[in-house]
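The values are calculated or read from the model by the stated rules, or taken from the named source; none is laboratory data. The structure displayed is predicted, hence computed values, not measured ones. As a convention, Cβ positions derive from the backbone with ideal geometry for all residues, glycine included, and neighbour counts pool all protein chains shown.
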Amino acid sequence: MNAEELTVIRSPAACQIKADCRDHASQVGVPLESVSWGRDVVHTSTPFQLTITARGIMRQITFTQDQILGYPTGQTTTEVQEKIRAALESILPDLEEN
C-alpha cells in the first residue's frame, strides 16, 4: 500500500465509517469481532476494502477514495451506509445457522 492509500484509510473519514459500521452492527444485532481497512488488489476501481468479521463470518465491502473522503461531508454518506447495512444484514442468516 502506498502513502496516499494509507492516508485515506487512516483519515478521519475512514475512522468515522468504521465507528458507524459498529453502530449499525449493534442496531441490527451483529456481534462484531473486528472492522478493518485494507487494500483490494482485484478491484482497481474500488481499491479500498472494509472487512467486517462477526463470529468468524467475514464480509468485505469495497469503496473508492471519493466514497470514503466524501462520507463526512454528506456527499456519499447514504451510499456508504447502504453498502455497510447490506453487508451486515447478509451476515445475520449465517449467524443463525451457527
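Among the residues of segment 34-59 satisfying the criterion of being modelled with pLDDT of 95 or more and surrounded by fewer than 15 Cβ atoms within 10 Å (Cβ to Cβ), which is farthest from Thr7 (Cα to Cα)?
Met58
Select from segment 38-56 the residues that are closer than 19 Å to Ser90 by Cα and under 15 Å from the mean Cα position of the chain (by Cα) and list them in ascending order. If you could, list the steps in order and put the result at the bottom.
From segment 38-56, those closer than 19 Å to Ser90 by Cα are 49-56; that's our starting set.
Gln49, Leu50, Thr51, Ile52, Thr53, Ala54 - these are the residues of segment 38-56 that are closer than 19 Å to Ser90 by Cα and under 15 Å from the mean Cα position of the chain (by Cα).
Among the listed residues Ile91, Ile61, Ile84, Ile52, identify the single one that is in a helix (DSSP H, G or I) and out of contact with any His (no Cβ under 7 Å at 6 or more places or on another chain).
That would be Ile91, the only listed residue that is in a helix (DSSP H, G or I) and out of contact with any His (no Cβ under 7 Å at 6 or more places or on another chain).
Would you be able to say whether some residue in segment 60-70 is among the hydroxyl-bearing types (Ser, Thr, Tyr), under 30 Å from Glu96 (Cβ atoms) and free of Cβ contacts under 8 Å to residues at least 24 places away in the same chain?
Our first condition is that a residue be among the hydroxyl-bearing types (Ser, Thr, Tyr); within segment 60-70, this holds for 62, 64.
Now drop any that are not under 30 Å from Glu96 (Cβ atoms), which leaves 62.
Then keep just the ones that are free of Cβ contacts under 8 Å to residues at least 24 places away in the same chain; that gives 62.
Within segment 60-70, one or more residues are among the hydroxyl-bearing types (Ser, Thr, Tyr), under 30 Å from Glu96 (Cβ atoms) and free of Cβ contacts under 8 Å to residues at least 24 places away in the same chain.
Test Gln67 against the criterion of being exposed (fewer than 12 other Cβ atoms within 10 Å of the Cβ), of a type in the set (S, T, N, Q) and part of a helix (DSSP H, G or I), and give yes or no. Break it down stepwise before answering.
Working: exposed (fewer than 12 other Cβ atoms within 10 Å of the Cβ): no; of a type in the set (S, T, N, Q): yes; part of a helix (DSSP H, G or I): yes.
In short, no.
Assess whether Val30 counts as being more than 20 Å from Gln75 (Cα to Cα), surrounded by 15 or more Cβ atoms within 10 Å (Cβ to Cβ), β-branched (Val, Ile, Thr) and touching a Lys or Arg at 6+ places or on another chain (Cβ under 6 Å). Walk me through it before giving the result.
Numbers: more than 20 Å from Gln75 (Cα to Cα): yes; surrounded by 15 or more Cβ atoms within 10 Å (Cβ to Cβ): yes; β-branched (Val, Ile, Thr): yes; touching a Lys or Arg at 6+ places or on another chain (Cβ under 6 Å): no.
Spelling it out, it is not the case that Val30 is more than 20 Å from Gln75 (Cα to Cα), surrounded by 15 or more Cβ atoms within 10 Å (Cβ to Cβ), β-branched (Val, Ile, Thr) and touching a Lys or Arg at 6+ places or on another chain (Cβ under 6 Å).
Take segment 13-44 and flag every residue that is farther than 20 Å from Gly70 by Cα and either of a type in the set (D, E, K, R) or part of a loop (DSSP other than H, G, I, E, B) (or both). Even if it seems obvious, please write down each step before you answer.
So the first thing to find is which residues in segment 13-44 are farther than 20 Å from Gly70 by Cα, and the list is 25-34, 41-42.
Correct list: Gly29, Val30, Pro31, Leu32, Glu33, Val41, Val42.
Can you name every residue in segment 1-19 that is within 11 Å of the chain's Cα centre (by Cα) and among the charged types (D, E, K, R)?
Passing the criteria: only Lys18.
Is it the case that some residue within segment 74-90 is out of contact with any Lys or Arg (no Cβ under 9 Å at 6 or more places or on another chain), of a type in the set (D, E, K, R), more than 21 Å from Asn2 (Cβ to Cβ) and touching a residue at least 60 places away in the same chain (Cβ under 8 Å)?
Yes, segment 74-90 has at least one match.
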